[in-house]
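Right, one structure below, let's go through it.
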Amino acid sequence: MGLIVQKYGGSSVANTARLRAVAERVVRTRREGHQVVVVVSAQGDTTDELIRKAHELTPNPPRREMDMLLATGEQASIALLAIAIDCLGEPVVSLTGGQGGIYTDNVHTKARITRVRGDRILRELAAGKIVIVAGFQGITVEGEDYEITTLGRGGSDTTAVALAAALKADMCEIYTDVTGVFTADPRIVPQARKIPVISYGEMLEMASLGAVVLQPRSVEFGAVYNVPIHVRSSFSDEPGTIVKELTLMNGNGNGTETGEKEVLVTGVTHDTNVAKVVLVSVPDRPGVAARIFGALAAERINVDMIVQTTKAEQETDLLFTISRDDLPRASEVVRRVARELGAKDVLEDQTVAKVSIVGAGMVMNPGVAAAMFQALADCGINIQVISTSEIKVSCLIDESRVVEAVRAIHRRFLEENAPGPVRAAATGAAATTAAAAPGSARATASTAASSMATPTAAAGSTSADPQPGATGSAAGTW
Ligand code: ADP
Ligand code: ASP
Ligand code: MG
């Protein structure tokens, strides 16, 4: 008997038959004697459909209104699932994010959970009910306005793990349309293998680099509050992937729990939600980069790779990548700043993608990066930008080559008889900077993960994004 949080993604509740199957699984868990809190996403492609409708009106809709719109998707699912569970004769109540005590900051469409008040949910559980909470949405705490917010794509994962943390649940189960976390997206690499156990650190890196099976923020919550996460299929009872704290001495995340790291590369990820922006011929003087990236930061636009190319005559080209979703807003900001700085031009490219390898084992092995570059070279794929950290290497390439690239890199490192890095020239890459942009003389690189403000509280602490006044250690409240 314990408390279990179960999250069901969009495909798991896509139609009436799927909703019934989910209701049956939830009721089965309840009848096994557990208390159950269920987080659900919008059905099927509802969120995409709503975004499409708004974009038929304008490419850059007001973000508050997008939140009002998108939150309706999850609100429909919670009610439908509650009706399906009621039909099976179990007491149940559905709650919006706000009713479920999910409080956020006021950054519409990318809000961050600042506090979870679990008292309402705990009351409903104590009354013997199954509690269903709308994923992906919250409510602001500032003032009395109670604005509805959403947590960014994939945000229901974060709702689930945050609730599991606040309620001190025994397990957070993420039910989805694949049987776990794989060594690459199984939809594009049929040879990808399920990873039975993975550390929070590697999972965070994979999620940040495009493995959409978990929202990165959910992994951060898991790590900070030590919530074990079980990613598994809603279509079967097969065991999935456990995301938990792993050390060198208790395994390497690939099921070989033997101590010393043996696997250099844990997974290959790709991200096509990438846009490249180039400011052409900006003055090469102190403060220019600060001005551009300061303006983007003020708009809460996350910048990933950055490369500055030194040109003759005190001019530079400045290249950076952002999420493609942010391009309409970024474009406005950058064009304004570029005019003020006297830059010659601003180029935008939405035909790029990022492929990455992730693995805690690569830190001591300089040949790993070289082997990845060789795999791309063997396919004739040009690398536009490279960024590295201790546990990942990313390459920006042409989007049209991304499937080929992921398959080739996966073959190189993760399939039977994979040559791995040993046969590669041991040239390696610097741990923190590298660039292969044509003509590049200077480069900086940063990971998506490192540019996120990670909650710093220790596991078991009661304050997530430490909030003034948000303390107290009672279960259910941060
Ligand atoms: P849900 O609607 O359940 O939240 P998502 O579409 O957000 O599901 O996430 C599941 C999808 O993540 C899978 O269908 C798969 O295509 C994709 N995916 C990408 N990388 C990986 C990976 N490394 N392992 C498993 N799934 C992955
Ligand atoms: N419905 C939202 C999305 O599609 C949130 C989620 O599914 O996690 O991104
Ligand atoms: Mg998802």
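Each reported figure results from applying straightforward, stated rules to the coordinates on display, with no laboratory input. Quick caveat, the model's predicted, so the values are computed rather than measured. Reconstructed Cβ throughout: ideal geometry from the backbone, glycine too, with neighbour counts over all protein chains shown.
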Quotient of Cα radius of gyration and Kirkwood radius for segment 1-119, i.e. Rg/Rh, equals 1.01
With DSSP loop assignment and no more than 16 other C-beta atoms within 10 Å, the GluC sites (Glu not before Pro) in segment 377-413 are GLU390
Per DSSP, the loop-located trypsin sites (Lys or Arg not before Pro) within segment 149-233 having at most 13 other beta carbons within 10 Å are ARG187
Per DSSP, the loop-located GluC sites (Glu not before Pro) within segment 142-187 having at most 13 other beta carbons within 10 Å are GLU142, GLU144
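Taking every DSSP beta bridge with both residues inside segment 3-177, roughly what % is antiparallel (nearest 5)?
Here the antiparallel bridges make up roughly 20 percent for segment 3-177.
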Exposure proxy check on ILE85, ILE188, ILE381: fewest-to-most Cβ neighbours within 10 Å is ILE188, ILE381, ILE85
When HIS108, HIS270 are arranged by how many other beta-carbons sit within 10 Å of their Cβ, fewest first, they go HIS108, HIS270
If each part is reduced to its alpha-carbon centroid, segment 62-111 and segment 358-417 end up apart, in Å, by 39
Beyond 18 Å (Cα-Cα) in this structure, taken from LYS7/LYS168; LYS311/LYS354; LYS110/LYS354; LYS110/LYS244, we find LYS311/LYS354; LYS110/LYS354; LYS110/LYS244
Neighbour-count ranking for TYR8, TYR103, TYR146 (other C-beta within 10 angstrom, fewest to most) reads TYR146, TYR103, TYR8
Phi-derived 3J(HN,Hα) across segment 24-38 with the Karplus relation (6.51, -1.76, 1.60, θ = phi - 60°), rounded Hz, x for Gly and Pro, is 5, 5, 4, 5, 4, 4, 4, 6, 6, x, 8, 7, 10, 10, 10
Sequence order, segment 70-84: Karplus ³J(HN,Hα) from phi using 6.51 cos²θ - 1.76 cosθ + 1.60, θ = phi - 60°, Hz rounded, Gly and Pro as x, gives 5, 5, 5, x, 5, 5, 5, 4, 4, 5, 5, 5, 4, 5, 5
Calc'd 3J(HN,Hα), segment 314-329, phi into Karplus 6.51 cos²θ - 1.76 cosθ + 1.60 (θ = phi - 60°), Hz, glycine/Pro = x, comes to 6, 10, 10, 9, 10, 10, 8, 10, 9, 6, 4, 4, 8, 4, x, 6
Residues other than VAL337 with Cβ under 12 Å of its Cβ, Lys/Arg counted +1 and Asp/Glu -1, net out at +1
Between VAL133 and residues 5 or more places away or on another chain, the pairs with built amide H atoms under 5 Å apart involve VAL38, VAL39, VAL40, LEU95
